[in-house]
Amino acid sequence: MKNNIYIAIITLISCYSTLAQQFDINADLRARFENRNGYGTLKPDTEKAASFISQRTRIVFDYSFKNIKLRFSPQNVRTWGDVITTSKSDANGAFHEAYGEIKMDEQFSFKLGRQEINYDDARIFGNVDWAMQARSHDAFLLKFNPNSKNQIHLGLALNANKETNFYENYAVLQYRSLQYIWYHTDFKNLNFSVLLLNNGMPYLDGTEEKLDYSQTIGSRLVYKKENLSIDGAAYLQTGTIATNSVSANYFSANINYKTKSNFNAGLGFELLSGKDQNDTSTDIKSFNPLYGTNHKFNGYMDYFYVGNHNNSVGLTDVYANLSFEKNKYSLKLTPHYFASASSLYSAGEKQDNYLGTELDLTFGYKMYDYVSVDAGFSQMFASSSMEILKTGNKNAGNNWAFLSIKINPNIFTNNVETKL
């Protein structure tokens, strides 16, 4: 791993010394303390709160010359104390991004390699930057920009375990192949996007691997005028997963208004379809947000769709946003009302759909241009129905707190065309 990083650095410096038009080096170091006391699920009476510090150390090398752009982004993600202090090796390093982008003309370009894929509000495709490791894909991306107001992207991915001479079952728990088209257009006060995603997931039929495809199709509309912003989105999912038919849907709407006194207020809702617990069919009726930045949605305590709640009863989330920003400070309060989108049952009896209320309070302080501090506290007021869904004790406190420091300096920038 270290040898690969050194080779990448030497390659970039070599390119810069002879041909460079622009070369940038940026750092991303962040450390986050967390106290988890019912984070992600209700706390059982037999468990204690967990406290730890996680860290990301990433350096980003960007090089561009004429119609070529290269990016190499090695990173190390760790929890403080996960290796002994005298360790001679560290297996926590990886490349977050490593891609090349070629601009063929003023309208067409393509990118290939390890890359982030982000679209719209990051509900279906997002880089999950909250997670220390974040998310990136091994993919090919063709971009077509016919003019300044329209964009069309075609993305393709094909995954395998390693180089082989014969077919081998895919052992990684993710898609085997993926294709999508994204279209975006801008009007005076509106922008509109459409996404068509074909997602190929492998499954085993005995010992033989087979592949089923599900489709996610939808659009997002955003209206902005002065201090008012309104957006809405709708997606449908169809196709098959492991021979099971898929029929799911998603709807969202938000309205936000920013006053002249630095206050911002908003209301919104999300509806992700689910499946009744007494439904005995094999059909998949629960919407899956797939590769989105799920921590951004449905409360910061990550009770829903962050490694959990898939193929469940779905979710209705009604929320408000109240925030204040001035100079280097920001403060935000977000209450969430959670309910299941489909029916819950216990001992054969239908239960109340109300799952609970979560309060998220966050604070931000920009210490310097390249240093920021963020803190937050969240409290879950769960119902008896949440206990049925998640187990644990609704009265066990169930809160979460964090304190984060981010350091993001630009280390080096040069756009002089002359040789060194």
The lone exception for SER346 - which of (1) farther than 14 Å from ILE405 by Cα; (2) without any contact (Cβ under 8 Å) to a residue 40 or more places away in the chain; (3) open to solvent by 40 Å² or more (accessible area, probe 1.4 Å) it fails: (2)
Residue list for the range 294-315, filter: in contact with a Lys or Arg (Cβ under 8 Å, 6 or more places away or on another chain) and surrounded by 22 or more Cβ atoms within 10 Å (Cβ to Cβ): PHE297, TYR303, VAL313, GLY314
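Please go through the range 241-250 and pick out each residue that is of a type outside the set (Val, Ile, Thr) and crowded, with 17+ Cβ neighbours inside 10 Å. Break it down into steps so the answer makes sense when it comes.
Of all residues in the range 241-250, those of a type outside the set (Val, Ile, Thr) come to 242, 244-245, 247-250.
Hits for the range 241-250 are ALA248, ASN249, TYR250.
In the range 252-266, which residues are free of Cβ contacts under 8 Å to residues at least 60 places away in the same chain, buried (at least 16 other Cβ atoms within 10 Å of the Cβ) and under 19 Å from ALA234 (Cα atoms)? Reasoning before the result, please.
Within the range 252-266, the subset free of Cβ contacts under 8 Å to residues at least 60 places away in the same chain is 253-255, 257-261, 265-266.
Still in the running and buried (at least 16 other Cβ atoms within 10 Å of the Cβ): 254, 258, 266.
The answer is ASN254, and nothing else.
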Sole exception among (1) more than 30 Å from ARG58 (Cα to Cα); (2) within 19 Å of the chain's Cα centre (by Cα); (3) not in a strand (DSSP E or B) for THR164, by number: (2)
Test for ASN67: is it in contact with a strand residue (DSSP E or B) (Cβ under 7 Å, 6 or more places away or on another chain) and open to solvent by 50 Å² or more (accessible area, probe 1.4 Å): yes
Search result, residues across the range 226-243 that are part of a strand (DSSP E or B) and free of Cβ contacts under 8 Å to residues at least 60 places away in the same chain: LEU228, SER229, ILE230, GLY232, ALA234, LEU236, GLN237, THR238, GLY239, THR240, ILE241
Residue match in the range 275-282 (condition: open to solvent by 40 Å² or more (accessible area, probe 1.4 Å), in contact (Cβ under 8 Å) with a residue 40 or more places away in the chain and on the phi > 0 side of the Ramachandran plot): no
Pair list, Cβ under 7 Å, 6 or more apart: the range 310-324 residue on the phi > 0 side of the Ramachandran plot, other residue open to solvent by less than 20 Å² (accessible area, probe 1.4 Å): ASN311/SER286; GLY314/LEU272; GLY314/SER273; GLY314/GLY274; GLY314/SER286; GLY314/PHE287; GLY314/SER340; GLY314/SER342
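The values are calculated or read from the model by the stated rules, or taken from the named source; none is laboratory data. The structure displayed is predicted, hence computed values, not measured ones. Cβ coordinates were reconstructed from backbone atoms using ideal geometry, including for glycine residues, and neighbour counts include every protein chain displayed. The protein model used for the area step is the full one, side chains on, heavy atoms only, and it has no ligands, DNA or RNA in it. Shrake-Rupley method; radii C 1.70, N 1.55, O 1.52, S 1.80 Å.
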